[in-house]
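Peer 1: What follows is a structure written as structure tokens; I'll ask about it next.
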């Protein structure tokens, strides 16, 4: 009898967690990934009330790391908000007999372009929000980045990071496990771009093991993740990492998943903060808290300044011109009569999608740095033609950029709708006829 009472007492002491409903569906007819179909599942906790905006946790490759049970526990304990989980498989293309003709996983997950964020925002999430639970609750997701987390393993790991990197207005909380930041489809370049780009409001957890190398042909997964760690720390991100001697699998991610999710949501609903970079070009240039704002009273601020060239060095000794077929800008030396000589591909610009880069208006500052407007932001090149900093656009801007100008203490941009955006920076315009101090060869 005493043993029975003790057993019953133990049962009453066990934590009781909420339950959930799992909805299952297939997504077809994508216009972003044509021909694909994929399964996805939607986790709805008992605490979710119909038509109430819930936080979002997006997970690649289906249900991973016992996530539904972990979510049940953490929501019940108040360690994460009421959250809708979306678990998505990668797309496949089949013939009429059902045979797979194309596995689209690497194309969707490893690519460092913005198609996945478009797919999530324009296709998958609206499909999720059209769903209703068997007990009549309509799904409604928060569209605030601070309420949204994203996670994946391997190629899903880089997909998670890239989604938040591309769209920090969609996701603020990222868990990447054994991520493929290797030369599949540009992932090896991410750490370099992180160092050069102004910090974003992201909280990031990286996990990997020293024995992770799915295919040595592409390099070391572990070394690539450690390089990304270094870049994120340099750039001031809120970051935690878990490094072990594990291999390329989800074992360790599953072991730590509860703790990682707890940390990702720590302090919510307070927003994830933007850190301070150690980039010696960006750090003195950026003014904390300043963002792009519209000021159409400045509509007369732009005029063509350089004739047949795209930019002229402050003292008139150098000219810059775009040329088709290259993501570089050509630089020419101008003699006293204005004749262009010694032309070379010189300014080397970044692209995230391995495509021909659209290059728009540009201008020099007082230090002889060239500010170049591109779809990936304003790329700031030093005197030797290297991108040293990248300034992000406002999501409200419409591409392409029509005009750009540096003024005292601010940058001015005319977007595709001819609206004028202004942002304060510690920047000075070039003084015509004055040669900037040499930066040497560096």
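The values are calculated or read from the model by the stated rules, or taken from the named source; none is laboratory data. Keep in mind it's a predicted model, so treat the numbers as computed, not measured. With ideal geometry, Cβ positions are generated from the backbone for all residues, glycine too; neighbour counts draw on all protein chains shown.
Peer 1: Collect the residues in the range 358-375 that are over 14 Å from residue 414 (Cα atoms) and buried (at least 19 other Cβ atoms within 10 Å of the Cβ), keeping them in residue-number order.
Peer 2: Matches in the range 358-375: 359, 364, 365, 368, 369, 370, 371.
Peer 1: Tell me which residues, restricted to the range 129-145, are surrounded by 14 or more Cβ atoms within 10 Å (Cβ to Cβ) and closer than 10 Å to residue 44 by Cβ.
Peer 2: 131, 133, 137, 139
Peer 1: While we're on this one: Look at residue 303 and say whether it is at pLDDT below 95, in contact with a strand residue (DSSP E or B) (Cβ under 6 Å, 6 or more places away or on another chain) and closer than 30 Å to residue 429 by Cα.
Peer 2: When the stated conditions are applied, residue 303 does not pass them.
Peer 1: Does the range 388-400 include one or more residues that are touching a helix residue (DSSP H, G or I) at 6+ places or on another chain (Cβ under 6 Å) and farther than 21 Å from residue 306 by Cα?
Peer 2: yes
Peer 1: For the range 37-52: of the residues being farther than 15 Å from residue 76 by Cα and under 27 Å from the mean Cα position of the chain (by Cα), which is surrounded by the most Cβ atoms within 10 Å (Cβ to Cβ)?
Peer 2: Filtering the range 37-52 for residues that are farther than 15 Å from residue 76 by Cα and under 27 Å from the mean Cα position of the chain (by Cα), the one surrounded by the most Cβ atoms within 10 Å (Cβ to Cβ) comes out as 42.
Peer 1: Which condition breaks for residue 430 when tested against (1) over 27 Å from the mean Cα position of the chain (by Cα); (2) within 24 Å of residue 283 (Cβ to Cβ); (3) free of Cβ contacts under 8 Å to residues at least 40 places away in the same chain?
Peer 2: Against the list (1) over 27 Å from the mean Cα position of the chain (by Cα); (2) within 24 Å of residue 283 (Cβ to Cβ); (3) free of Cβ contacts under 8 Å to residues at least 40 places away in the same chain, residue 430 comes up short only on (3).
Peer 1: Can you tell me which condition residue 164 does not meet? The list is (1) under 16 Å from residue 237 (Cβ atoms); (2) touching a residue at least 60 places away in the same chain (Cβ under 8 Å), and all the others hold.
Peer 2: With respect to (1) under 16 Å from residue 237 (Cβ atoms); (2) touching a residue at least 60 places away in the same chain (Cβ under 8 Å), residue 164 is out only on (2).
Peer 1: Then there is this: Looking at (1) touching a residue at least 24 places away in the same chain (Cβ under 8 Å); (2) surrounded by fewer than 21 Cβ atoms within 10 Å (Cβ to Cβ); (3) assigned to a loop (DSSP other than H, G, I, E, B), can you tell me which one residue 112 breaks?
Peer 2: Result: residue 112 fails condition (2) only.
Peer 1: While we're on this one: Quick check on this structure: which one of 56, 101 is in contact with a helix residue (DSSP H, G or I) (Cβ under 7 Å, 6 or more places away or on another chain) and at pLDDT 95 or above?
Peer 2: 56
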